[in-house]
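Take a look at the structure below.
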Amino acid sequence: YSNDPEFRHRIEENRDLKHQVAELASSIVNDGDVLFLDIGTTTAFVAEQLKNHRDLTIVTNSVVIANITFPEHGFKTYLTGGELGAHDGGMFGPEAFEMIDRYCINKAILSTGGIHHSYGFLTHHLCEAELYSKVAKQSEITVVCADSGKYNRRAPIKLLDFEQVDILVSDIPPAKELSKELARHNVDLRLVRQERPKKKQLEVANLDEIAAE
């Protein structure tokens, strides 16, 4: 079981990987989407990557993410309300839970404390499981962003079952058991490492052309 350090410490863990995962996740977003973004550190990187999009509606329970998105021209940002936690800048409670009913969410972009082949997507906090399970049910597409450090890491509370997640964005493939569970529940696994070989192949092709000349 992993612990759950404060946001300012977690955002420095695997920072480069989180940035790459966030960049890939942002490519799933279409202009005009209504998005829910949770309080995760990887999700905060996704919020930064959305600045090239237009006409987005952002619903979030994170004051960190609201501070990133509200200055963007053409964006609408809505905070759920609720009790504000000093640990992570997240808002939870009845107000947040009830506010979610008001939005027609195209895509929910969520983070996770761990992904385990026996238990699904996990978290450290019951309030997160309650709120984000509701968000996933209301969203057309549920996306979880997690670097490979979350693979087979346990946390005490189930966040989402595999069948509640449509897309998992990460950096490398997980081990066999977890890969089988993702495939069995039709979770679309999108990997940063799959995006790079095309560029390398192109570079090799260019070198071959130069050599031929």
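Summed over region 165-180, the residues that are over 13 Å from Leu122 (Cβ atoms) and open to solvent by less than 50 Å² (accessible area, probe 1.4 Å) give a count of 7. Can you pull out the residues in region 25-42 that are assigned to a helix (DSSP H, G or I) and either modelled with pLDDT of 95 or more or of a type in the set (Gly, Ala, Ser) (or both)? Matches in region 25-42: Ala25, Ser26. The single condition among (1) surrounded by fewer than 22 Cβ atoms within 10 Å (Cβ to Cβ); (2) among the charged types (D, E, K, R); (3) farther than 23 Å from Pro94 by Cα that Lys150 does not meet is (1).
Starting from residues that are part of a loop (DSSP other than H, G, I, E, B) and more than 11 Å from Ile157 (Cβ to Cβ), keep the ones in region 113-139 and report whichever is least open to solvent (accessible area, probe 1.4 Å). Full working, then the answer.
Quick first cut of region 113-139, residues part of a loop (DSSP other than H, G, I, E, B) only: 113, 117-119, 124-125, 139.
Still in the list and also more than 11 Å from Ile157 (Cβ to Cβ): 117-118, 139.
Details: His117: 49, Ser118: 73, Ser139: 16 Å².
Only one residue fits best here, namely Ser139.
In region 86-108, which residue that is assigned to a loop (DSSP other than H, G, I, E, B) and under 22 Å from Lys51 (Cα atoms) is modelled with the lowest pLDDT? Checking each candidate, the answer is Gly89. Might you let me know whether region 104-118 holds any residue that is among the aliphatic types (A, V, I, L, M) and over 16 Å from the mean Cα position of the chain (by Cα)? No, region 104-118 has no match at all. In the set Asn152, Asn186, only one residue is without any contact (Cβ under 8 Å) to a residue 24 or more places away in the chain, among the polar types (S, T, N, Q) and farther than 27 Å from Gly85 by Cα; that residue is Asn186.
Scanning region 12-27 for residues that are surrounded by fewer than 18 Cβ atoms within 10 Å (Cβ to Cβ) and farther than 21 Å from Gly85 by Cβ yields Arg15, Asp16, His19, Glu23, Ser27. Residues in region 63-85 that are in a strand (DSSP E or B), closer than 20 Å to His53 by Cα and open to solvent by 50 Å² or more (accessible area, probe 1.4 Å): Lys76, Tyr78, Leu79.
The one condition from (1) at pLDDT below 95; (2) within 19 Å of Val63 (Cβ to Cβ) that Tyr1 does not meet is (2). Ile115 - would you say it is touching a Phe, Trp or Tyr at 6+ places or on another chain (Cβ under 9 Å), modelled with pLDDT of 95 or more and closer than 19 Å to Val169 by Cα? So Ile115 fits the description; yes.
Candidates Asp101, Asp55: the one that is at positive phi, surrounded by fewer than 16 Cβ atoms within 10 Å (Cβ to Cβ) and without any contact (Cβ under 8 Å) to a residue 60 or more places away in the chain is Asp55.
Thr43 - would you say it is out of contact with any Phe, Trp or Tyr (no Cβ under 7 Å at 6 or more places or on another chain) and under 24 Å from Leu168 (Cα atoms)? Yes: the conditions hold for Thr43.
The values are calculated or read from the model by the stated rules, or taken from the named source; none is laboratory data. Please read all numbers here as calculations on a predicted model, not as lab measurements. So basically every Cβ, Gly included, is an ideal-geometry build from the backbone, and we count neighbours across all protein chains shown. These accessible areas exclude ligands, DNA and RNA; they are computed on the full protein's heavy atoms, side chains included. Shrake-Rupley method; radii C 1.70, N 1.55, O 1.52, S 1.80 Å.
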